[in-house]
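Since the structure comes first, as structure tokens, the remarks are kept for the end.
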Amino acid sequence: MMVAGSHPWNVSVQDASAIQKGLRSGLVLEDDFGEIGTVAGFDVSFSRERDLLHAAVVIIDAGTLEVLETVSASAEPTFPYVPGLLSFREGPVVELAYGKLEIRPDLLMFDGQGIAHPRGLGLASHMGLLLDRPSIGCAKSRLIGEFKEPKQKRGAMRTLSIQRKKVGVVLRSKDNTKPLFVSPGHRISVESAAEWVLRTGKGYRLPEPTRLAHIAAGRAKR
DNA sequence: GCGACAG
DNA sequence: ATCTTGTCGC
């Protein structure tokens, strides 16, 4: 079995796509974890006046949803935003912030796609592989995939598929609000991914990990 | 050629 | 992502 090592982030748009194709075979799409005690949420904001990316990571207790740790890091963007290549723009800052953590989270949640991606390796999958951690992609909108509108009640979900293959779910995390696009990143199944998004929610559209990371990332700009 | 297109 | 106040609805 090929073991995933590190790879350069400063590559061309062409090479980035090739790197994704090479990494996808290393993904584990079934539950591969023990007891989940902590969940980390990631998000990145952008300050255009200073041309800086700010990444924030918030770790919460999986049982009480209480915040245990918050860290952030900043860096100049080295890659443009290209649909399908988001990890090459946000990956560097995310790794930087992750390195500042004292707690080693049991599960990672990202504001983006997992395997619901053109080459099967969205931000959550990519980071889950590099950090060797179970990860979930929890995006606010669709990148790729077909689905039917889920019912309006919290907890309702429909399959998100790519060429007849189930790659995730379109999940209603709150009554009468736009659904979330949840797909496994690495070392977790579609079912468990959806379950954890619901389990870490507090009544807001976004689950606590990602919601709090979003606030922290925005706060990091000031 | 045209439309779609995570953050 | 970001530029941005109020406003309608649960």
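Read-outs: derived from the displayed coordinates by stated rules, not from any lab. Remember, predicted model here, so these are calculated numbers, not experimental data. Positions of Cβ are generated from backbone atoms using ideal geometry, with glycine treated the same way; all protein chains shown enter the neighbour counts.
Listed values, structure above:
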quantity: Calculated FRET efficiency for the pair A:Arg219/A:Tyr81, C-beta based, R₀ 25 Å, to 0.05; calculated: 0.70
quantity: Extension gain from A:Arg205 to A:Glu191, taking 0.36 nm per residue of separation minus the Cα-Cα distance; calculated: 3.2 nm
quantity: The range A:65-193: equivalent-ellipsoid semi-axes (sqrt of 5 x gyration tensor eigenvalues, Cα, Å); calculated: 25, 18, 13
quantity: Amide H contacts under 5 Å for A:Val167, placed H, 5+ residues apart; calculated: A:Leu160, A:Ser161, A:Ile162
quantity: Gain in span if fully extended, A:Ile103 to A:Leu68, counting 0.36 nm per residue against the direct Cα distance; calculated: 11.7 nm
quantity: Inter-probe distance in nm under a simple model that places probes 7 Å from Cα toward Cβ, at A:Glu30 and A:Thr159; calculated: 1.9 nm
quantity: Lys pairs under 18 Å by Cα in the range A:27-219, provided they are eight or more residues apart or on distinct chains; calculated: 17
quantity: Debye-sum result for chain A in log10 I(q)/I(0), which assumes one identical scatterer on each alpha carbon, at q = 0.13, 0.14, 0.18 Å⁻¹; calculated: -0.68, -0.80, -1.36
quantity: Using θ = phi - 60° and Karplus 6.51 cos²θ - 1.76 cosθ + 1.60, couplings along the range A:61-70 (whole Hz; Gly, Pro as x); calculated: 6, 5, x, 9, 6, 7, 6, 9, 7, 9
quantity: Within chain A, helix-based [θ] at 222 nm, where runs of 4 or more DSSP H residues each add -39,500 (n - 2.57), nearest 500; calculated: -7500 deg cm²/dmol
quantity: Ranked by how many other beta carbons lie within 10 Å on average, peptides A:206-214, A:138-146, A:109-117 from highest; calculated: A:109-117, A:206-214, A:138-146
quantity: Given charges at beta-carbon only (K, R positive; D, E negative), |dipole| of chain A in Debye; calculated: 1020 debye
